[in-house]
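Data block below; observations after.
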Amino acid sequence: MNDIDQMGIVVDWVDACRKGDLASLLDLYADDAQLECTCNGTQHYRGRSELEAYWRPRLSTFSSVGFGLEEINPVPHGIDLEYSVAGSLRVHASFRFSAEGKIYSTLCTPSRQNSHDGCAC
């Protein structure tokens, strides 16, 4: 796994989000990938069809209101990312990777915002 460019994969993820490119975004995930979102209650998604159902409306929002990269950092078992939506809503996302170089898990949580702002992840 050391030869996988995890940072590059997350940058590709950011690019797909900015472009609203659902197919490219989903291709970055392993077939059995899972996503946990705690922004509006805890929700779990697993596999391509559930990830597609999760991401389709969010990518539309990102492309209409703006998606910004705030921070990206390597961590011991993957990459942590902070992004903003509409210039103010901030989301923290933690990515973990398969040996094949695909995202196998993502955890997103609200980050540094007022509770009334909500979350767009």
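The values are calculated or read from the model by the stated rules, or taken from the named source; none is laboratory data. What you see is a predicted model; the values in this text were computed from it and never measured. All Cβ positions, glycine included, derive from the backbone under ideal geometry; neighbour counts span all protein chains shown. Just so you know, the surface numbers come from the protein's heavy atoms only, side chains and all, with ligands and any DNA or RNA stripped out. Shrake-Rupley method; radii C 1.70, N 1.55, O 1.52, S 1.80 Å.
Below is a table of values for the structure above.
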item	result
Solvent-accessible area per residue, Å², over region 1-78 with all protein chains present [probe radius 1.4 Å]	57
Sequence-distant residues sharing a close amide H with Leu28 (under 5 Å, placed H)	none
Glu70 paired with Glu100, simple spin-label distance in nm, labels 7 Å along Cα-to-beta-carbon	3.3
Region 6-121, dipole about Cα centre (Lys/Arg Cβ +1, Asp/Glu Cβ -1), debye to the nearest 20	220
The chain - Rg and Dmax from Cα coordinates, angstrom	13.3, 42
Asp5 versus Arg18: modelled label distance in nm, points set 7 Å from Cα along the beta carbon direction	1.6
Per-residue HN-Hα couplings for region 41-48 [Karplus 6.51, -1.76, 1.60; θ = phi - 60°; Hz; x = Gly/Pro]	x, 7, 10, 10, 9, 9, x, 4
Extension gain, Glu82 back to Asn40 (0.36 nm per residue minus Cα-Cα distance, nm)	13.4 nm
HN-Hα J in Hz across region 25-33 - Karplus 6.51, -1.76, 1.60, θ = phi - 60°, x for Gly and Pro	4, 5, 5, 6, 8, 5, 4, 9, 4
Residue-averaged [θ]222 nm for the chain, counting only DSSP H segments that reach four residues, each worth -39500 (n - 2.57)	-10000 deg cm²/dmol
